[in-house]
Amino acid sequence: MEIINSVKELKAKVSALRSDNKTVGLVPTMGALHAGHASLVTRSVKENDATVVSVFVNPTQFNDKKDLQAYPRTLEADCALLQSIGADYVFAPSVEEVYPEPDTRSFSYPPTDTVMEGAFRPGHFNGVCQIVSKLFMFVEPDKAYFGEKDFQQIAVIKAMVADYVSRNAEWAKRLEICPCPIVREEDGLALSSRNTLLAENERAIAPNIYKALKESVKFSKTHTVEETQQMAVNQINAVDGLEVQYYDIVNALTLESVSSWDDADHIQGCITVFCGATPIRLIDNINYK
Ligand code: PAF
């Protein structure tokens, strides 16, 4: 496995792979890797001749400076894990390397990027599109892998790629976005790099989020969308130390809220919960149909 810090070197490596007719998988990450990331990398290794994993805490997607500073950084441990599961290249650039000058591009794909996280974290998805589009243009992968814990992020990235396809970008036409299932702890908590920031008492209550979501799926069989949403919110808010920021039940493709279970073929519940005193912001989602 090779660790690459410069864009020039990265482009040279992938263009050599391409000349050899090798397929390339890309797994974009912000590091602090866990079994969820490992599942993406393992899938990419299986499905492509070479796998590039980017490890870059992207400043433009943080709308809160403190959140950016607190984000865990564990490059050495990340590289050890990536080596053990067969990644070929780790791209770990500096901020200056990725953004030699401020990125002034703006991306807008309503409603996917304006609802839920888009409403509560202004500018977040613009930053995600800035970095992910750069990574796509650097690597020009055949496949790119993203975890479904960030359900909305996948919808935004798909909209961005469709936009580049409509503008005839060759890299976008070839690219396949591959969503991968959420990996959970035994007690149901969705794996997240942010989980390492949870104090012991916070970690103990966090599984109540998924517990309520799962119970809400059963509840939904005999109740309306609104009743189901309220049930999940009430059950989570009843736990001392948890506070729901939003719980939206949406059309899984467009991310528009639904008011009836007949409104869409695929329906997803997407939640954000504040956990503990700090507080740590945890997201999760569940499929209803
Ligand atoms: O999901 C993440 O970790 C980040 O948003 C991503 C896709 C790596 C872009 O920085």
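Observations
- Checking each residue of the range 199-217 against the condition of being outside any helix (DSSP H, G or I) and out of contact with any Leu (no Cβ under 9 Å at 6 or more places or on another chain) gives at least one match.
- Lone unmet requirement of (1) out of contact with any His (no Cβ under 9 Å at 6 or more places or on another chain); (2) closer than 28 Å to Arg174 by Cα; (3) touching a residue at least 40 places away in the same chain (Cβ under 8 Å); (4) polar (S, T, N, Q) for Thr74: (2)
- Restricting attention to the range 255-289, the residues being modelled with pLDDT of 95 or more, assigned to a loop (DSSP other than H, G, I, E, B) and not acidic (Asp, Glu) number 10.
- A search for C-beta distances below 9 Å between a residue of the range 159-170 that is exposed (fewer than 15 other Cβ atoms within 10 Å of the Cβ) and any residue that is assigned to a loop (DSSP other than H, G, I, E, B), counting only pairs 6+ apart in sequence or on different chains, returns Ala162/Tyr109; Glu170/Glu140.
- Condition met for Gly25 (assigned to a strand (DSSP E or B) and either surrounded by fewer than 19 Cβ atoms within 10 Å (Cβ to Cβ) or within 16 Å of the ligand (Cβ to nearest atom) (or both)): yes
- If you check Tyr89, Tyr71 for being of a type in the set (Phe, Trp, Tyr), touching a helix residue (DSSP H, G or I) at 6+ places or on another chain (Cβ under 9 Å) and surrounded by 19 or more Cβ atoms within 10 Å (Cβ to Cβ), only one passes: Tyr89.
- In the range 168-193, the residues that are farther than 16 Å from Val132 by Cβ and more than 16 Å from the ligand (Cβ to nearest atom): Asn168, Glu170, Lys173, Arg184, Glu185, Glu186, Asp187, Gly188, Leu189
- Looking only at the range 195-219, and only at residues there that are buried (at least 18 other Cβ atoms within 10 Å of the Cβ) and touching a Pro at 6+ places or on another chain (Cβ under 9 Å), the one that is modelled with the highest pLDDT: Glu202
- Any hit, the range 140-158, residues being under 17 Å from Asn58 (Cβ atoms), outside any loop (DSSP other than H, G, I, E, B) and away from the ligand (no atom under 11 Å from the Cβ): no
- Selection from the range 89-118 of residues that are over 13 Å from Val156 (Cα atoms), in contact (Cβ under 8 Å) with a residue 24 or more places away in the chain and not in a strand (DSSP E or B): Ala92, Pro93, Ser94, Val95, Glu97, Val98, Tyr99, Asp103, Arg105
- Any pair with Cβ under 6 angstrom, 6 or more apart, that starts in the range 49-63 at a residue that is closer than 24 Å to Ala38 by Cβ and ends at one that is within 9 Å of the ligand (Cβ to nearest atom) and aliphatic (A, V, I, L, M): Val53/Val27; Ser54/Leu135; Val57/Met30; Asn58/Ile131; Gln61/Val128
- Among (1) away from the ligand (no atom under 15 Å from the Cβ); (2) surrounded by 14 or more Cβ atoms within 10 Å (Cβ to Cβ); (3) not in a loop (DSSP other than H, G, I, E, B) - the single one Ala38 does not satisfy: (1)
The values are calculated or read from the model by the stated rules, or taken from the named source; none is laboratory data. Values in this document were obtained by computation on a predicted structure and should not be read as measured data. All Cβ positions, glycine included, derive from the backbone under ideal geometry; neighbour counts span all protein chains shown.
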